[in-house]
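Asks: This is the structure, below, for whatever I ask next.
Please treat every number below as a calculation from the coordinates, not as lab data. Note that the structure is predicted; figures quoted are calculated from it, not measured. Here the Cβ positions follow ideal geometry from the backbone for every residue, glycine too, while neighbour counts run over all protein chains shown.
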Amino acid sequence: MKVLVIGGGGREHALVWAIARSPRVQEVVCAPGNGGIAALARCVPVNQKDLDDLVRVAAAEQPDLTIVGPEVPLSLGLVDELTRRGMRVFGPTQRAAMLETSKVFAKEFMQRHHLPTAGYAICQSAQELPGALAHFHAPIVVKADGLAAGKGVVICESKQKAEKVAKQMLTGELLGEAQHRVILEEFLAGEEISWLVLADGTHVLPLVAAQDHKRIGEGDTGLNTGGMGAYSTDTLLAPEMRDWLVHHIAQPAIDGMAAEGTPFLGVLYCGLMMTARGPMLLEFNTRFGDPETEAILPRLQDGALLEAMEAAVDGRLDQVGLLWRSEPAVTVIAASRGYPGSVQTGHEITGLDLAAQETGVTIFHAGTALSDDKVVTSGGRVLAVTAVAETLQSACDHAYTALGKIHFDGMYYRRDIAHRALKKGKEKE
Ligand code: AMP
Ligand code: GLY
């Protein structure tokens, strides 16, 4: 069978890697792919922000299954267009993807279906802000309605700051594009986990949980990024808690989407805060997380991902199970100097082959390209170095040993990925 994967980051490298391990797959095509994906798939250029171009690639390739990685093609309605042409696609429709593309839609949906989430107010104008803010205690979280590539959430230590930030979002001063609506939200304290489930419109099948590290600096300091590393261990989520989440969050969400006439097929990423009051939804994403996917998929039995995705497309997800390795996985992102701001690209990356020989290590490429047979940097996040090992500490050790063998000009990575879990583990000893 021939599979087309849309996207070109570390997440898509992990997806292509997992798909290519299935004996049923003859060919994987990735659009646009990257320098690492090119070793596993035929990469074809595409403008991911252009629906016509995306459809053109799919129509030309005629894959047996298309998997959409990033949110932008989903928001453009790629799944709708390909489905209309009779193609099999794993991913939500444009309407179903509103759980990610509109935070206002998502919040109102959570409220309609009694999903646990922080208290909130929606404001459409600066005049409404003082009245709405009166109901909140600082700190206050201010969120833009639309997709903002990780820049649409600001935690404000005072009401004055919240009012200022909300105004700047409404005028467009903060994000470039003026927001019609902003959300004011109660601040939740606790540990954050990324919990992803596959859905076929009716049934849900959970993946193992992961934890992301969003800040650029060690100790979770500095600017927000697309994610600087992740880990996945069974200790993140007890089986009883996972069952609770299925019954109180994932299944009601999928039932709610079906009842509203927008059945959800694809990956529903539940961003959760484990608070003293219980788990609360921070957000939905309607796709695999990045870099969580690079830590989750290496724990999955070979071939299982494709089988589950096909079952999802056929509406029979209740008939498949997923087998996971009990060993933890750690993914560390190597970024370019300056990330998450502007970066220089085109620097040669060396040591990749040597690093890949480290026990349990898989190197996923996030922002790389091939230039005269050399692998060069092509973005802010460059590599996602994953290690699977007997213990979380040894997984970290292997990932960092591998990273020590890799070089490119301006290479930066956090040295404390998985610090929370490692600290907890030490406390238990
Ligand atoms: P999002 O863009 O929705 O993923 O939010 C970015 C980050 O902001 C989340 O990963 C959380 O760390 C933080 N965040 C969002 N909402 C809240 C909240 N209500 N309370 C505390 N932190 C939040
Ligand atoms: N790692 C966060 C995200 O994929 O949105």
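Asks: Give me the Kirkwood hydrodynamic radius of the range 34-84, using the inverse of the mean 1/r over all pairs of distinct Cα atoms, in Å to one decimal.
Replies: 11.7 Å
Asks: Let me ask something additional. Where both residues lie in the chain, what percent of DSSP beta bridges are antiparallel, nearest 5?
Replies: Of all bridge pairs located within the chain, approximately 80 percent are antiparallel.
Asks: What whole-number value in cubic angstrom gives the convex hull volume per residue for the C-alpha atoms of the range 254-316?
Replies: 125 Å³
Asks: Go through the range 86-102 residue by residue and turn each phi into a ³J(HN,Hα) via Karplus (6.51, -1.76, 1.60, θ = phi - 60°); whole Hz please, and just put x for glycine and proline.
Replies: x, 8, 8, 10, 9, x, x, 5, 4, 5, 5, 5, 4, 4, 9, 6, 10
Asks: At 222 nm, what helix-only mean residue ellipticity would the chain give, in deg cm²/dmol to the nearest 500, using -39500 (n - 2.57) for each DSSP H run of four or more?
Replies: Here the helix-only value at 222 nm equals -8000 deg cm²/dmol.
Asks: Distance between Cα centroids, the range 298-315 to the range 3-52: provide it in whole Å.
Replies: After rounding, the separation between the Cα centres reads 16 Å.
Asks: Ok, one more. Pairwise over distinct Cα atoms, reciprocal of the mean inverse distance: report the Kirkwood radius of the range 203-362 in Å, one decimal place.
Replies: Working: mean 1/r = 0.0558 Å⁻¹.
Result for the range 203-362 stands at 17.9 Å.
Asks: While we're looking at this one, here's another question. Would you report the distance distribution of C-alpha pairs in the range 157-215 as whole percents per 5 angstrom bin, up to the bin with the largest distance?
Replies: Result returned by the calculation: 4, 13, 14, 13, 13, 16, 14, 11, 3.
Asks: What translational diffusion coefficient, to the nearest whole µm²/s, does the range 363-405 have by Stokes-Einstein, given a Kirkwood radius computed over alpha-carbon pairs, a temperature of 4 °C and 1.567 mPa s viscosity? Write out the running numbers ahead of the final one.
Replies: Details: Rh = 11.5 Å.
Answer from the Stokes-Einstein relation: 113 µm²/s.
Asks: Just to check, using Stokes-Einstein with a Kirkwood Rh over alpha carbon pairs, what's the diffusion coefficient of the range 59-104 at 25 °C and 0.890 mPa s in µm²/s?
Replies: My calculation gives 226 µm²/s for D.
Asks: Simple spin-label model, 7 Å along Cα-to-Cβ: K424 to T350 in nm?
Replies: Here the answer is 4.1 nm between the modelled labels.
Asks: Set the bar at 26 Å for Cα to Cα. Now go through K107/K159; K107/K161; K107/K424 and name every pair that lies beyond it.
Replies: Pairs exceeding 26 Å: K107/K424.
Asks: Still on this model: Express in % the proportion of alpha carbon pairs of the range 126-257 at distances exceeding 20 Å.
Replies: 60 percent
Asks: Check R181: other-chain or 5+ apart residues with amide H under 5 Å from its amide H, H built from backbone geometry?
Replies: Under 5 Å from the amide H of R181 lie the amide H atoms of D145, each far enough along the sequence or on another chain.
Asks: Give the value in nm², to one decimal: projected area of the alpha carbon convex hull of the chain, averaged over all directions.
Replies: The Cα convex hull of the chain, projected and averaged over all directions, gives 19.9 nm².
Asks: What is the calculated FRET efficiency for E108 to S326, with r their C-beta to C-beta distance and R₀ = 45 Å, to the nearest 0.05?
Replies: On the way: r = 39 Å, r/R0 = 0.87.
Efficiency, from the Cβ-Cβ distance: 0.70.
Asks: Now, a different point. List the residues of the range 333-365 whose backbone N lies under 18 Å from a point placed 7 Å from the Cα of E390 along the Cα-to-Cβ direction.
Replies: The answer is 358-361, whose backbone nitrogens lie closer than 18 Å to the label point.
Asks: Along its principal axes, what span do the Cα atoms of the range 178-252 show, with the longest given first and each in whole Å?
Replies: 37, 36, 23
Asks: What's the long-distance tail for the range 77-135, i.e. % of Cα pairs beyond 19 Å?
Replies: 51 percent
Asks: Could you give the distance between the Cα centres of the range 143-162 and the range 66-137, to the whole Å?
Replies: Here the two parts' Cα centres lie 16 Å apart.
Asks: Stokes-Einstein at 37 °C, 0.692 mPa s, Kirkwood radius from Cα pairs: D for the range 321-366 in µm² s⁻¹?
Replies: Result for D is 240 µm²/s.
Asks: Now for a separate question. Normalise the Debye intensity by I(0) for the range 57-173, one equal point scatterer per Cα, no solvent, then take log10 at q = 0.17 Å⁻¹ and round to two decimals.
Replies: -0.88
Asks: Jot down the per residue volume, in cubic angstrom and as a whole number, of the convex hull over the alpha-carbon atoms of the range 336-423.
Replies: Convex hull volume per residue, Cα atoms: 84 Å³.
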